[in-house]
Structure formats: structure tokens, C-alpha cells
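Below is one structure, written out as C-alpha cells; the observations come after it.
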Amino acid sequence: MQKAIFLDRDGVLNHEVGDYIKRFEDFILLDHIYEGLKLFSNRGYILIVVTNQGGIAKGEYTHETLFKIHDYMLSELRNRGIIISEIFYCPHHPIVSHCLCRKPGSLMVEKAISKYQIDPKQSYFIGDKQRDIDCGEAVGVNGILIESNENWLPYAQQICLQV
Ligand SMILES: [Mg+2]
Ligand SMILES: [Zn+2]
């Protein structure tokens with residue numbers, strides 16, 4: 001069994017702008033994320049991003065834009081020795097169609113748990129919305145609720161010191 005850190009995207013890894021990130025230019029990684037992600041990796045946690053991207057269903061941006069943003073994010077992190085195992089995203093929005101994956105639904109987390117053989121009890125979900133915490137806790141993952149764009153390094157240090 002592996003232990004994992006689940007990460008929301010907007011407001012946790014990149015700057016939350018109060019709206020969907022619709023353009024590549026608006027995607028800005030937060031400066032404080034690297035040290036915490038490295039710390040988790042060094043302690044043997046795998047890193048998984050779980051993000052709602054309902055703006056796709058609403059036609060505000062495309063899968064292609066999202067892929068470009070995610071490729072950029074993965075390569076910026078890789079350049080610093082940080083590997084994200086996978087990005088799970090929900091492109092749906094209830095005003096267009098209902099789905100099972102959108103947070104607070106836990107399907108994306110469940111998929112990750114089964115694919116990567118994750119022990120939820122040893123794992124954490126860092127998010128800036130209650131729905132992030134709810135989707136993790138529904139399957140036994142510990143939740144850490146932060147403010148949008150908050151520096152969560154102290155939480156990472158706390159988690160890693162416990163072990
Ligand atoms: Mg968020
Ligand atoms: Zn969905």
C-alpha cells in the first residue's frame with residue numbers, strides 16, 4: 001500500500017483568481033509549493049492532483065487549453081525533481097450535465113486509490129474548499145482545509161514530522 005497526498009489545483013498549486021483559469025497566461029504556480037511537494041516526495045508520498053474543471057462543460061475553455069496548462073505544470077515540477085503521479089479532473093458541470101466525478105463526489109479519489117494501491121488512512125487531501133475535504137473524507141482520506149493561495153508548507157512539515 002502506498003501513501004498519497006491529494007492536491008486540489010486552483011488555490012493550492014496555482015493562484016486562485018476567483019474564476020476559472022481559462023487561458024494559459026492566467027495559470028501561475030504559487031511560489032511556496034515546491035518545498036512542501038519535495039518534502040512529501042522525500043517521505044515517500046505519491047502526489048495526485050484532483051481538480052474540478054467545470055468551465056470545460058460550460059464552454060469557457062477547452063480540453064486542449066487544460067492539457068497545455070497541465071503539461072506546463074508537470075514540466076515545471078519535474079524540472080525541480082517533483083513527480084505528480086496523475087492529474088484527475090472532472091470536465092463536467094451540473095448546469096450542463098450531471099456526473100459522478102465532480103467533487104464533492106469521491107469517484108476521482110476512489111479511482112486513484114484503486115489504481116495506485118493507496119492506503120487512505122495514511123493519506124491527506126489538501127484543498128481550499130470544503131468539497132475537497134468532503135470528497136477525501138468520504139473514502140477515509142484525512143482532509144486539510146486551507147485558505148485559497150495559503151502557504152501550506154507548515155502543514156506538510158507537521159504531517160512529515162508525525163511519521
Ligand atoms: Mg481550489
Ligand atoms: Zn465529472
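Read-outs throughout are calculated quantities, based only on the coordinates presented, and are distinct from any laboratory measurement. Predicted model only: the values in this text are computed from it and were never measured. For neighbour counting, all protein chains shown are included, and Cβ atoms are generated from backbone atoms with ideal geometry for every residue, glycine included.
Key figures for this structure:
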| item | result |
| --- | --- |
| Residue selected from the stretch 76-91 under the condition away from ligand 2 (no atom under 12 Å from the Cβ) and in a loop (DSSP other than H, G, I, E, B), by the criterion nearest to GLY36 (Cα to Cα) | ILE82 |
| Subset of the stretch 92-119 that is assigned to a loop (DSSP other than H, G, I, E, B) and within 16 Å of ligand 1 (Cβ to nearest atom) - its residue that is surrounded by the most Cβ atoms within 10 Å (Cβ to Cβ) | LYS103 |
| Residue ID - surrounded by the most Cβ atoms within 10 Å (Cβ to Cβ), chosen from residues in the stretch 1-52 that are small (Gly, Ala, Ser) and assigned to a loop (DSSP other than H, G, I, E, B) | GLY11 |
| Failed condition for LEU66, given (1) crowded, with 20+ Cβ neighbours inside 10 Å; (2) assigned to a strand (DSSP E or B) | (2) |
| From ILE87, ILE126, ILE82, residue being closer than 21 Å to ILE146 by Cβ, of a type in the set (Val, Ile, Thr) and in contact with a His (Cβ under 8 Å, 6 or more places away or on another chain) | ILE87 |
| ALA57 vs. criteria of a type in the set (Gly, Ala, Ser) and surrounded by 21 or more Cβ atoms within 10 Å (Cβ to Cβ) | no |
| Answer residue from the stretch 71-123, given it is of a type in the set (Asp, Glu) and out of contact with any strand residue (DSSP E or B) (no Cβ under 7 Å at 6 or more places or on another chain) and is nearest to LEU161 (Cα to Cα) among those | GLU110 |
| Output for the stretch 120-148, where each listed residue is aliphatic (A, V, I, L, M) and free of Cβ contacts under 8 Å to residues at least 40 places away in the same chain | ILE133, ALA138, VAL139, ILE144, LEU145 |
